[in-house]
Amino acid sequence: MALRLAGVQRGPAVVGLLIAIFLLLFLLIPVGKVIVVAFQHPATGEATIVNFLDFFNNSLFRESFANSFYVAAMSVLVASIISMPLAYFTTRFNFGGTALIQTLGIIPLIMPPFVGAVAMQLLFGENGSVNLLLDEWFGFTLPFMEGLNGVIFVESIHYFPFILINLSAALGNIDRAMEESAQNLGANGLRLFRRIVFPLAMPGYVAGAALVFIKVFDDLGTPLLLNVNTMLAPQAYLRVSSIGISDPMGYVISVILVGFSLLSLWISLMALKGKDYATVQKGGGGLMKRDLRTWEKAGSYAVIIFILLLVLSPHFGLLLLSFGTIWSFAVLPDAFTLAHYATVFSTATQYIVNTLWYAGLAALLDVILGTAIAYVVWRTELVGRRWLDYGATAALAVPGVVIGIGYLRTFHGVNVPLIDQPLASWWVIIVVAITIRRLPYALRSCIAAIQQLSVSLEEAAENLGATKARTVWRVVIPLMSGGILAGFVTSFATAAVELSATLMLVARESDAPLAYGIYEFMQSAAGRGPGAALGVVAVLFVGIGAYVSHLIIERGKYARSAKSIVAEES
Amino acid sequence: MTTQVQQNAEAGVVIENLNLSFGNTHVLKGVNLSIHQGEFFAFLGPSGSGKSTLLRAIAGFGPTPSGRILIEGRDIADLTPWQRDVGMVFQTYALWPHMTVRRNVAFGLEERKIPRKEINERVDRVLEMVGLLKLADRRPSQLSGGQQQRIALARTLVVEPKVLLLDEPLSNLDANLRIQMRREIRELQQKLKLTTIFVTHDQEEANTTSDRMAVLDQGVIQQIGSPMDLYDKPDNLFVAKFLGATNIIQGTVMRDSADQRMFRTDSGTVIPLVDDTAVGGKIVFRPQNVEIRSAVAGAGVEGTGLSGVVHHTEFLGSIIRYGVDVNGDDVLVDHTHRYGESVFRTGDRVELTIAPEGILLLEG
């Protein structure tokens, strides 16, 4: 009996062990190293908190810390102000603009914030189009992009969909009967909102807000491109890239970033824990909706169109920049040209080719790891299998900067045999970094796919003579393929614009991916045109990827609704 | 143990001292069972009784049990599910949605490395047998519930398993289809003379299909026998209650002045017993073994006649079920309903006669 079990478990055990080693080497050890170094005396190597004291005794770091916190909190506030009316319109009114609002929730996500940052400067900066017009018409200007304002503005326009999606879902999950029974018992108006709607929607909002906070807190690319260096992530990057990897301040900042990430994740977990407020029952469906009066409709559309313009402005600005000749102290560029695209395709194809390679390899690795982890966790009895899931998901709490610093520190002394260079400066390490960073998303996609798979479908195959391995090949993988494919496409699209970890790991220009190329170009005024053109290419990558993965998921939904067999399971 | 196996050389499935636990929960407690070759056998019990767990243990799914499972004399307890050669039809059918009907049915033959030509022939033959050859190129999602059920059956039968296991195969069908499918399954089983185990919580399904059945409760086999035996002569109160409406009245056995064995209920009613050996503190009788008539004023209690008051009536179509209060004991009485015949109403005084041969004495 024991022998037979061992035989059946041997395959998963080997796979599980390999995954564990991969996670250990490329996630736990590098991050652990960063934490250890942060608590080590730079000269003697003793355990100490002196680095943290140094950090808080330095006014630059204190300011950076305060700025990061302020920017993240303000971004949550601004993103909430943008999201709330939109979520309210879709869930309370019968309203034709709902499709428009759903589109609003997607457009920002297909452009990484750092790509649009420079274009935003040209549109909203001190001498940007909007302020030039304001000055000409009304005689005043607004400091949209001044210092930290710029970061807050760009980040909140990019990240508000996280709040919008979570808040709309939370509101949409409230059953009409919840509202009606409250009215039946005598509550209405503000009391109804305060006592029923608000508490039911709160967990979704908090989860979205925590996500926005941490994304902004960790972001490296946007402040760098807007030339705001007095924030934590840019300080960590600058210390490591200018002073070197022995400077302890980069590590201290990393520990602070990881700490805040964990705190945010914990808050969002606590907000949702034990509060599965999906109260919609069969035949129910959302809060009571009413029709809008004409003037209300006009007002709603005005708000939506205003937000739509804001949301489209980075895309619009980027396009203008990529086709414009000279754009300075003018509402629009002086003239239009294709020269920047010609430059990109003659001198910068290496970036695009590298990106296709890196993102493709990373996405492939992610779905292989994701499928294997999902299977081991959900379909085997392997001891400690849950830790593979926890381990891979832990990457969510590790900012790209920290991965970058950790890899540099851990692998600079590790020589790769045959090619004779340190692992830390080999292009493969970029792929590994991206793989680790995107793994949590691919994993969730694979786990969702395997959870929808009824175990009896596998048991039927075994009952008819297929071994575990044959069953995986003939039944599990084909039926998971939709989820796996969706995971691949999302990983690929987001990996294509990964900047924070790669910025540190690119050892030479010829190894650099697209995001790095955009960053390089945008450093000089002359490079902005080609940089924007490259940015448009990046947006196309992500946009097409997002659309394809949306198609795959929709097709999967259709296929599932058609097959009643599994759904009928009692 | 060996002698038992030799005795059961004819046996299709023998289960010896099977114990199984989910973690700390002991689900099957020392199950012993012998099913004849070619027999249609039912596992009947309420949910949580362990019947499905027992069936899955035979197929090799779920936690590893202790004890022995023999199929045609061979111990299969150490084999993996794919080595066992027992065919299982799942409650949800478990048809693979990414394969056509034909690919679904061919699956088991492909895994057995049968030549393609023979696979095609056998698949055609089995689809013909279940009457769905014309749907061979459809996807499972394009089939009705009954058709899916037949395909699931065909997919299992095509590999010619030694034993057919059916896990609540009718529970996802509507009432009419259920009756039709249980006949079809029974006819198919008779034709193929295939040893079949059928798991159900529905006593009518078990009664109508099986040669013999085992009633399970809390992981223990309560009784094994033919459906009629179990209904008429339940070994214990659980079996008596599970197989249909029944009267259970508490009391003590005594003898009257003529040395006739009598049963005195706790409320004081005295009922004569015919069986002279049985012992127990409860009498059990089915509602249809009680006759009901109007109480005639002045007539005393004679024979097993009891007098009481109707306090509850239920019209069930072919019968009317009365609840009669006899000195505080609630007695159910089934009376065949015929058009035009008078019925009793709540509050009517009635007299009951219990057929003496229909009275069982049970412990508990």
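Among the residues making up segment A:361-388, a single one is modelled with pLDDT under 90 and among the small types (Gly, Ala, Ser): A:Gly384.
In summary, A:Ala169 fulfils each of the numbered conditions (1) crowded, with 20+ Cβ neighbours inside 10 Å; (2) assigned to a helix (DSSP H, G or I) with the single exception of condition (1). Helices (runs of 4 or more DSSP H) fully within segment A:454-507 that include at least 1 residues being more than 10 Å from chain B (Cβ to nearest Cβ) and not hydrophobic (A, V, I, L, M, F, W, C): A:477-495, A:500-505. Among the residues of segment B:38-45, is any buried (at least 18 other Cβ atoms within 10 Å of the Cβ) and more than 15 Å from the chain's Cα centre (by Cα)? No. Taken together, the residues in segment B:331-350 that are open to solvent by 20 Å² or more (accessible area, probe 1.4 Å) and either in contact (Cβ under 8 Å) with a residue 24 or more places away in the chain or touching a His at 6+ places or on another chain (Cβ under 8 Å) (or both) amount to 10. Per the conditions (1) closer than 25 Å to A:Leu408 by Cβ; (2) modelled with pLDDT of 85 or more; (3) hydrophobic (A, V, I, L, M, F, W, C); (4) not in a helix (DSSP H, G or I), the sole criterion not satisfied by A:Ile518 is (4).
Within segment B:117-152, can you find the residues that are part of a loop (DSSP other than H, G, I, E, B) and either loosely packed, with under 15 Cβ neighbours inside 10 Å or within 13 Å of chain A (Cβ to nearest Cβ) (or both)? Passing the criteria: B:Gly131, B:Asp137, B:Arg138, B:Arg139, B:Leu143, B:Ser144. Here is a list of conditions, (1) within 13 Å of chain B (Cβ to nearest Cβ); (2) surrounded by fewer than 24 Cβ atoms within 10 Å (Cβ to Cβ), and A:Val539 meets all of them except one; can you say which number that is? Evaluating A:Val539 over (1) within 13 Å of chain B (Cβ to nearest Cβ); (2) surrounded by fewer than 24 Cβ atoms within 10 Å (Cβ to Cβ) leaves (1) as the failure.
Provide a single number: the residues in segment A:264-291 that are surrounded by 15 or more Cβ atoms within 10 Å (Cβ to Cβ) and either at pLDDT 70 or above or assigned to a helix (DSSP H, G or I) (or both). Residues in segment A:264-291 being surrounded by 15 or more Cβ atoms within 10 Å (Cβ to Cβ) and either at pLDDT 70 or above or assigned to a helix (DSSP H, G or I) (or both): 6 in total. Restricting A:Val383, A:Val402 to those that are assigned by TED's automatic domain parsing to the domain that holds A:Ser454 and outside any helix (DSSP H, G or I) reduces the list to A:Val383. The set of residues in segment B:91-109 being of a type outside the set (Val, Ile, Thr) and within 8 Å of chain A (Cβ to nearest Cβ) consists of B:Gln91, B:Tyr93, B:Ala94, B:Leu95, B:Trp96, B:Pro97, B:His98, B:Phe107, B:Gly108.
Candidates are the residues of segment A:292-345 that are open to solvent by 30 Å² or more (accessible area, probe 1.4 Å) and among the β-branched types (Val, Ile, Thr); the one that is nearest to A:Leu133 (Cα to Cα) is A:Val331. Reported count of residues in segment A:398-422, each being surrounded by 15 or more Cβ atoms within 10 Å (Cβ to Cβ) and more than 20 Å from A:Tyr251 (Cα to Cα), is 2. Taking segment B:48-76 as the range and being small (Gly, Ala, Ser), surrounded by 19 or more Cβ atoms within 10 Å (Cβ to Cβ) and more than 8 Å from chain A (Cβ to nearest Cβ) as the test, the residues that pass are B:Ser49, B:Gly50, B:Ser52, B:Ala57.
So, A:Pro333, is that one over 27 Å from A:Ala449 (Cα atoms) and at pLDDT 85 or above or not? Taking the combined requirement at face value, the residue does not satisfy it. Within the bounds of segment A:197-210, is there any residue that is out of contact with any Leu (no Cβ under 6 Å at 6 or more places or on another chain), at pLDDT 85 or above, assigned by TED's automatic domain parsing to the domain that holds A:Phe124 and open to solvent by 30 Å² or more (accessible area, probe 1.4 Å)? Yes, segment A:197-210 contains a residue that is out of contact with any Leu (no Cβ under 6 Å at 6 or more places or on another chain), at pLDDT 85 or above, assigned by TED's automatic domain parsing to the domain that holds A:Phe124 and open to solvent by 30 Å² or more (accessible area, probe 1.4 Å).
Each residue in segment B:210-232 was checked for being within 9 Å of the chain's Cα centre (by Cα) and part of a helix (DSSP H, G or I), and 1 pass.
I'd like to verify a number: residues in segment B:81-90 that are more than 7 Å from every other protein chain (Cβ to nearest Cβ) and in a loop (DSSP other than H, G, I, E, B), how many? Number satisfying all stated conditions: 2. Of everything listed in (1) open to solvent by less than 40 Å² (accessible area, probe 1.4 Å); (2) within 22 Å of A:Leu479 (Cβ to Cβ); (3) touching a Ser or Thr at 6+ places or on another chain (Cβ under 6 Å), the single unmet condition for B:Val163 is (2).
For (1) crowded, with 17+ Cβ neighbours inside 10 Å; (2) outside the structural domain of A:Thr490 (by TED's automatic domain parsing); (3) of a type outside the set (Lys, Arg), each residue gets a yes or a no:
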| residue | (1), (2), (3) |
| --- | --- |
| A:Val76 | yes, yes, yes |
| A:Met84 | no, yes, yes |
| A:Arg92 | no, yes, no |
| A:Gly96 | no, yes, yes |
| A:Gln102 | no, yes, yes |
| A:Val115 | yes, yes, yes |
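Of the candidates B:Leu230, B:Leu188, B:Leu273, the single residue that is under 13 Å from B:Leu44 (Cα atoms) and open to solvent by less than 70 Å² (accessible area, probe 1.4 Å) is B:Leu230.
The values are calculated or read from the model by the stated rules, or taken from the named source; none is laboratory data. Since the model is a prediction, treat every value here as computed from it, not as a measurement. Don't worry about glycine lacking a Cβ; one is built from the backbone with ideal geometry, like all the others, and counts go over all protein chains shown. Note: accessible area is taken over every heavy atom of the protein model, side chains too, but ligands, DNA and RNA are not part of it. Shrake-Rupley method; radii C 1.70, N 1.55, O 1.52, S 1.80 Å.
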